[in-house]
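Colleague: Below is a structure I'd like to ask you about.
The values are calculated or read from the model by the stated rules, or taken from the named source; none is laboratory data. In this text the structure is predicted, and so the values were computed from the model without any measurement. Cβ sites come from the backbone with ideal geometry, for glycine too, and all protein chains shown count toward neighbours.
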Amino acid sequence: MKRRKLALAVSLLALLALVFASAGAGRTVAHQAAFKVAWIYVGPHNDGGWSQAHDQGRLYVQKMLGSKVQTTYKENIAVGSQFNQTVASLAAQGYQMIFATSYGFVTPEIAAKYPNIKFEQATGTLVTKNVSEYFGRAEDTIFLSGMAAGYASKTGKIGDVLAFPIPEVVRHANAFALGAQYAHPGATVRVVWTHSWFNPAAEKKAAQSLVAAGVDVLGQNVDSPATGQYAESIGVPWVGYDSNAQKFAPKSWLTASVYNWGIYYLQRVKAAMAGTWKPGFYYGTINDGYTKLAPYGPGVSQANQEKIAAVEKKIENGTFYEFTGPLYDQSGKLRVANGVKMDVLKGGTNSLYGMNWFVKGVIGSPKG
Amino acid sequence: MRISVEQRLRRPRWLMFAVPLGSVVFAFLVAAIVLVATGHDPVSTYRQLFDAAFLQRQSVDQTLIVATPLAFMGLAAAAAFRMKLYNIGAEGQMYLGAITGAAAGLYVGGRGGPAPLPIAAMVVAGMLGGLAWALIPGILRAFFKTNEILTSLLLNYVAGLLLTYLIFESQSYWRQTKGFNASVFPTGKQLPHSAVWPGWTLHVQGGTTIPLGAFFAVGAAAVLWILYRLTRFGFEATVLGDSPRAARYAGVRIRRKIVAVMALSGSIAGLGGASQVGDFSHALDGDPNGLQKVGYGYTGIVVAALGRYNPFSVVLIAFLLGGLENAGNTLQGPGFPAGLVGVIQGIILFSALGGEILTRHRVRITRRTKPTKAAASATRSPEPAT
């Protein structure tokens with residue numbers, strides 16, 4: 001018996017030794033000339049929403065630049081220590097540019113620690129000599145998608161599933177409501193908070209409570225298509241967000257505001273490769289292809305598509321901007337005077353980045 | 001041929017090392033099968049894992065960042081599990097410790113005073129926060145026999161919601177309310193400089209910093225070891241874990257013991273939470289995509305199980321598993337599923353817990369032989385004497 005145990009122990013040790021002593025045959029040789037750029041996602045790369053849209057952008061860059069660039073992604077990375085670790089390992093592997101796709105990823109400390117890496121942070125505000133910010137006018141296309149919701153609604157009662165009571169979400173919900181009211185005067189948008197960017201179960205519950213409260217069209221500003229799947233199951237029209245998710249709800253699908261991150265990514269990677277990269281604050285528009293409407297579903301009539309297209313043209317040539325005064329808040333107070341256009345950063349709570357109030361017609365609290 | 005499982009009469013010492021080691025090896029073998037099935041080379045993958053965890057530049061630095069909270073969570077779990085009190089709530093107790101620790105750091109640090117004072121305040125506050133949160137399942141178990149697994153686990157979610165509420169949905173003391181950035185996205189108030197925990201930097205691997213929390217973790221391990229080995233409290237807890245009935249006959253105050261051990265476990269987890277704030281985030285991290293996403297409390301259970309509840313082993317295992325987590329970040333990418341590291345950890349836990357069976361039982365394979373006529377007559381029971 002003792003001999004058998006000895007033999008077992010020896011073979012286990014030998015196996016361990018084999019694992020660690022195995023030669024460097026597995027090490028791949030990196031292309032010396034290829035520019036290494038990485039994307040860091042807060043969720044799964046195939047979440048059907050936010051992170052997936054970023055990954056499409058990455059694939060676009062890979063396709064357009066081919067062997068000149070080596071791309072990778074890291075998914076499900078938490079804000080904080082895990083992000084820092086990921087950056088450390090990417091730096092050790094020679095990555096020169098990192099796209100961080102969620103707020104809070106890039107801190108001044110991590111940027112200072114790796115001065116040779118170019119950081120691009122989405123939805124944030126930090127700009128330093130190696131950190132650049134990017135986001136864009138999703139509110140313009142969300143307005144248009146709100147128009148589709150307004151046309152599809154018979155009762156004028158629309159629902160919106162929202163994540164967190166932060167200015168980004170508040171302004172998107174406001175844009176959605178303004179669009180719905182433009183198409184369907186007097187429409188109201190009832191909001192429910194899920195307190196999570198990606199939580200299919202909570203989103204479905206939120207959608208159920210909205211329908212129970214009497215809405216006949218559903219919209220969202222969260223990252224999974226769960227709302228749409230529920231909408232499809234009960235035959236209610238649905239406006240998505242982030243990506244074209246029609247396959248999850250083929251009949252209910254109206255449209256969605258989608259981001260086309262690839263155009264910006266390609267531009268920035270090329271600039272970094274050519275040495276002309278400069279940090280800044282990029283706020284994309286429909287014109288430069290940053291955002292657009294996803295293809296329409298069967299529920300949007302040709303006539304309505306043309307009406308929405310006409311407004312889109314006016315946004316593109318600057319003759320229409322949805323956040324132009326007069327804008328009233330939920331209590332009826334005039335917040336933005338007649339003719340005044342809300343700025344992105346300037347204006348405190350009357351700026352797009354500081355907006356913490358809902359427009360008239362939105363039912364629900366902007367505080368959560 | 002017969003395979004039988006029989007209980008061991010003695011538990012040889014070498015088993016204490018062989019079983020965890022064997023479980024890890026077994027887990028890596030199973031994971032290798034998974035890797036091969038998904039088209040990866042297991043040998044090179046494991047070599048890369050080891051590289052990224054310990055050999056690469058600054059890898060030990062990064063590993064320590066994960067190992068420190070894992071050590072606290074493992075010690076918290078081990079302290080309770082040793083008495084068969086299954087505190088699954090270390091995660092939530094850590095959040096509470098972070099909340100109270102951050103409050104102490106902000107308040108005491110903001111008032112000035114000598115440097116060790118805010119840090120000491122954070123340590124005490126963190127421990128009290130975790131302790132208080134652990135008292136809830138502890139008292140429910142002691143006095144109402146409520147299953148502590150369910151209560152402590154569900155309280156984790158409550159703690160997470162509280163943490164998010166403090167930063168994302170209220171204008172609380174912990175929240176940064178001044179400045180334009182603060183209105184764009186909710187963040188926690190930064191700790192004043194005197195409340196930031198120092199680290200000890202070694203000039204190894206391009207600069208490795210050992211966080212203060214790591215020293216506290218080793219200290220906590222020593223305290224726990226002394227407590228369980230050399231004090232009456234520890235002896236009674238061990239007896240209670242092995243046999244509640246014997247403990248009752250021996251006069252151990254069972255309810256008090258349960259509450260005390262849960263409080264001990266929670267305070268260690270709370271200290272881990274204070275370490276998170278003081279060592280790493282320097283503010284209360286209420287982002288659901290931040291501290292709440294990583295799951296240190298749950299991984300700590302794996303650490304405790306693998307360390308067989310011995311405090312020093314737990315610290316060592318925390319370092320190794322911290323390396324694994326760190327390496328997992330390096331390894332994941334388009335060609336390598338992010339969940340695989342979690343799968344390996346899960347297999348390790350399963351193997352470690354399954355290996356428990358092998359410490360108490362052994363598998364015996366005996367050959368069934370056909371008895372010959374002579375042997376049969378010899379073994380036939382003798383006729384009773386007439």
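Colleague: For the stretch B:188-210, give me the residue count where each residue is in contact with a Gly (Cβ under 7 Å, 6 or more places away or on another chain) and either facing another protein chain (nearest Cβ under 10 Å) or farther than 15 Å from B:G105 by Cα (or both).
Modeller: Counting residues in the stretch B:188-210 that are in contact with a Gly (Cβ under 7 Å, 6 or more places away or on another chain) and either facing another protein chain (nearest Cβ under 10 Å) or farther than 15 Å from B:G105 by Cα (or both) gives 3.
Quick grid of which residues meet (1) touching a His at 6+ places or on another chain (Cβ under 7 Å); (2) within 16 Å of B:P69 (Cα to Cα); (3) among the hydroxyl-bearing types (S, T, Y):
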{"residue": "B:V223", "(1), (2), (3)": "no, no, no"}
{"residue": "B:L227", "(1), (2), (3)": "no, no, no"}
{"residue": "B:R245", "(1), (2), (3)": "no, no, no"}
{"residue": "B:I254", "(1), (2), (3)": "no, no, no"}
{"residue": "B:A260", "(1), (2), (3)": "no, no, no"}
{"residue": "B:A263", "(1), (2), (3)": "no, no, no"}
{"residue": "B:H282", "(1), (2), (3)": "no, yes, no"}
{"residue": "B:G286", "(1), (2), (3)": "no, no, no"}
{"residue": "B:S313", "(1), (2), (3)": "no, yes, yes"}
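Colleague: Within the stretch B:25-39, track down each residue that is more than 10 Å from chain A (Cβ to nearest Cβ) and either crowded, with 21+ Cβ neighbours inside 10 Å or not aliphatic (A, V, I, L, M) (or both).
Modeller: Once the filter is applied, which keeps residues that are more than 10 Å from chain A (Cβ to nearest Cβ) and either crowded, with 21+ Cβ neighbours inside 10 Å or not aliphatic (A, V, I, L, M) (or both), the stretch B:25-39 yields B:A27, B:A31, B:L35, B:T38, B:G39.
Colleague: Please indicate, with yes or no, whether at least one residue in the stretch A:206-228 is part of a loop (DSSP other than H, G, I, E, B), touching a Lys or Arg at 6+ places or on another chain (Cβ under 9 Å) and within 14 Å of chain B (Cβ to nearest Cβ).
Modeller: Among the residues of the stretch A:206-228, not one is part of a loop (DSSP other than H, G, I, E, B), touching a Lys or Arg at 6+ places or on another chain (Cβ under 9 Å) and within 14 Å of chain B (Cβ to nearest Cβ), which makes the answer no.
Colleague: Still on this structure, please answer the following. Examine the stretch A:308-323 for a residue that is closer than 23 Å to A:A163 by Cα and either out of contact with any Ser or Thr (no Cβ under 8 Å at 6 or more places or on another chain) or assigned by TED's automatic domain parsing to the domain that holds A:A187 (or both), and state whether such a residue exists.
Modeller: yes
Colleague: A further question on this structure: Looking at the stretch B:346-366, which of the residues that are of a type in the set (V, I, T) and in contact with a helix residue (DSSP H, G or I) (Cβ under 9 Å, 6 or more places away or on another chain) is modelled with the highest pLDDT?
Modeller: It comes out as B:I347.
Colleague: Here is a list: A:N174, A:N130. Which entry is away from every other protein chain (no Cβ under 11 Å), surrounded by fewer than 20 Cβ atoms within 10 Å (Cβ to Cβ) and not basic (K, R)?
Modeller: Result: A:N130 is the single residue among A:N174, A:N130 that is away from every other protein chain (no Cβ under 11 Å), surrounded by fewer than 20 Cβ atoms within 10 Å (Cβ to Cβ) and not basic (K, R).
Colleague: Next question, about the same structure. Examine the stretch B:320-331 for a residue that is at pLDDT below 85 and in contact with a Lys or Arg (Cβ under 7 Å, 6 or more places away or on another chain), and state whether such a residue exists.
Modeller: So far as the stretch B:320-331 goes, yes, one or more of its residues are at pLDDT below 85 and in contact with a Lys or Arg (Cβ under 7 Å, 6 or more places away or on another chain).
Colleague: Still on this structure: Out of B:A115, B:A103, B:A67, which single residue is in contact (Cβ under 8 Å) with a residue 24 or more places away in the chain and crowded, with 24+ Cβ neighbours inside 10 Å?
Modeller: Criteria check complete, one pass: B:A67.
Colleague: With B:F350, B:F319, B:F312 as the choices, which residue is crowded, with 20+ Cβ neighbours inside 10 Å and away from chain A (no Cβ under 14 Å)?
Modeller: B:F319
Colleague: Could you look through the stretch A:152-171, keep only residues that are outside any helix (DSSP H, G or I) and within 14 Å of another protein chain (Cβ to nearest Cβ), and pick out the one that is modelled with the highest pLDDT?
Modeller: Per the stated criteria, the residue is A:L162.
Colleague: Could you identify the single residue in B:G138, B:G101 that is farther than 23 Å from B:G188 by Cβ, more than 18 Å from the chain's Cα centre (by Cα) and of a type in the set (G, A, S)?
Modeller: B:G138
Colleague: Name every residue in the stretch B:188-239 that is assigned to a loop (DSSP other than H, G, I, E, B), touching a residue at least 40 places away in the same chain (Cβ under 8 Å), over 21 Å from B:S267 (Cβ atoms) and not aliphatic (A, V, I, L, M), in order of residue number.
Modeller: B:K189, B:P192, B:Q205, B:G206, B:G207
Colleague: State whether the residues of the stretch A:40-47 include one that is at the interface with chain B (Cβ under 8 Å from one of its Cβ atoms), surrounded by 23 or more Cβ atoms within 10 Å (Cβ to Cβ) and not in a loop (DSSP other than H, G, I, E, B).
Modeller: no
Colleague: Which of (1) modelled with pLDDT of 90 or more; (2) of a type in the set (F, W, Y); (3) in contact with a strand residue (DSSP E or B) (Cβ under 9 Å, 6 or more places away or on another chain) does B:F216 not meet, given it meets every other one?
Modeller: (3)
Colleague: Moving on to the next point. With respect to A:S145, determine if the residue is outside any strand (DSSP E or B), under 17 Å from the mean Cα position of the chain (by Cα), within 14 Å of another protein chain (Cβ to nearest Cβ) and touching a residue at least 60 places away in the same chain (Cβ under 8 Å).
Modeller: No: the conditions fail for A:S145.
Colleague: Determine which member of the set B:N181, B:N156 is more than 21 Å from B:I119 (Cβ to Cβ), part of a helix (DSSP H, G or I) and away from chain A (no Cβ under 14 Å).
Modeller: Going through B:N181, B:N156 in turn, just one is more than 21 Å from B:I119 (Cβ to Cβ), part of a helix (DSSP H, G or I) and away from chain A (no Cβ under 14 Å): B:N156.
Colleague: Can you pull out the residues in the stretch A:98-117 that are closer than 16 Å to A:W261 by Cβ and over 16 Å from the mean Cα position of the chain (by Cα)?
Modeller: Hit for the stretch A:98-117 is A:I98, nothing else.
Colleague: Do we have any residue at all in the stretch B:79-91 that's surrounded by fewer than 24 Cβ atoms within 10 Å (Cβ to Cβ), part of a helix (DSSP H, G or I), in contact (Cβ under 8 Å) with a residue 60 or more places away in the chain and out of contact with any strand residue (DSSP E or B) (no Cβ under 9 Å at 6 or more places or on another chain)?
Modeller: Within the stretch B:79-91, one or more residues are surrounded by fewer than 24 Cβ atoms within 10 Å (Cβ to Cβ), part of a helix (DSSP H, G or I), in contact (Cβ under 8 Å) with a residue 60 or more places away in the chain and out of contact with any strand residue (DSSP E or B) (no Cβ under 9 Å at 6 or more places or on another chain).
Colleague: Against the definition (part of a loop (DSSP other than H, G, I, E, B) and of a type in the set (K, R)), how does A:K270 come out, yes or no?
Modeller: No; evaluated as a whole, the condition is false for this residue.
Colleague: Of the numbered conditions (1) touching a Ser or Thr at 6+ places or on another chain (Cβ under 8 Å); (2) under 17 Å from A:V222 (Cα atoms); (3) outside the structural domain of A:T72 (by TED's automatic domain parsing), A:A122 fails exactly one; give the number of that condition.
Modeller: The number of the failed condition is (3).
Colleague: Also: Look through the stretch B:46-64, keep the residues that are aromatic (F, W, Y) and facing chain A (nearest Cβ under 9 Å), and return whichever of them is surrounded by the fewest Cβ atoms within 10 Å (Cβ to Cβ).
Modeller: B:F50
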